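The values are calculated or read from the model by the stated rules, or taken from the named source; none is laboratory data. Nothing here was measured: the structure is a model prediction, and the numbers come from that model. Every residue, glycine among them, receives a Cβ derived from its backbone with ideal geometry; neighbour counts consider all protein chains shown. When the accessible area is computed, the model is the full protein with side chains, heavy atoms only, and any ligands, DNA or RNA have been set aside. Shrake-Rupley method; radii C 1.70, N 1.55, O 1.52, S 1.80 Å.
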Amino acid sequence: MLAPTKIVCVGRNYAAHASELGNPVPSEPLLFLKPPSAIVRNGEPIVIPPWAGRVDYEGEIGVLIGRRARGVEEEHAWDYVGGILPLNDVTARDLQRKDSQWARAKGFDTFLPVGDPVPVEGLDLLSLEVVTRVNGMERQRGRARDMAFSIPYLLAYISRIMTLEPGDLLATGTPEGVGPLNPGDVVEVEIPGAGAVRNPVVLGER
Ligand code: MG
């Protein structure tokens, strides 16, 4: 059961992805929130509203908070992590470009497929990767070591701003290769060694 009080997301955390959308890597982590109501689990559909325009997948490494975190030091940050999970930061790209804040583009119901968390013990944290496939074809492959801001850095940075509660999620940004989803597609985000989340895409009624 995943019941986060919030999902804290990082934008433009891989240089190659920032540049593919014509953006620089920010000098500090660029944060936004997704609502818990956006969460769906493995096998549940991503529902695209017919008026939303282009909707993209964004495969990401997800971090589950295991202990209340407030002002944590970067070198102790992993102590606060309860698990790693694949997630898909589904984004209404046309609406994101229209809006200076992204609550609408990022916040639709079903726009956050999340996999099952895997404990960090036993994972090789230095070689974490995320892979996205659409209809079985690989579209993204990113490595945590290529993040502009590392997971420990992000946890220290965010926890100086807001208290992270057990069960909260962190979405650490997507690597290059984002692209559109269409009704009938099946999109899968995998973290090798930490499972996958796979979802069909359907057209909503309104
Ligand atoms: Mg993202």
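Can you give the accessible area of L33 in Å² (nearest 10), computed on protein heavy atoms with a 1.4 Å probe?
Around 90 Å² of this residue is reachable by solvent.
Taking GluC sites (Glu not before Pro) that fall in a DSSP loop and have at most 11 other Cβ atoms within 10 Å as cut points, what is the longest piece of the chain between them?
122-204
So, R0 is 25 Å and r is the distance between the beta-carbons of M1 and I161; what FRET efficiency does that work out to, to 0.05?
With R0 = 25 Å, the Cβ-Cβ based efficiency is 0.40.
So how do D116, D89 rank on accessible area, 1.4 Å probe, biggest first, that is with the largest at the start?
Of D116, D89, the descending order of accessible area is D116, D89.
Sort W102, W78, W51 by accessible area with a 1.4 Å probe, largest first.
Putting W102, W78, W51 in descending order of accessible area: W51, W78, W102.
Out of the total accessible area of the chain (probe 1.4 Å, heavy atoms of protein only), what percent is carbon and sulfur?
Carbon-and-sulfur percentage of accessible area, whole number: 50.
In Å², and per residue, what accessible area does the chain have when probed at 1.4 Å with the other protein chains present?
Accessible area per residue: 45 Å².
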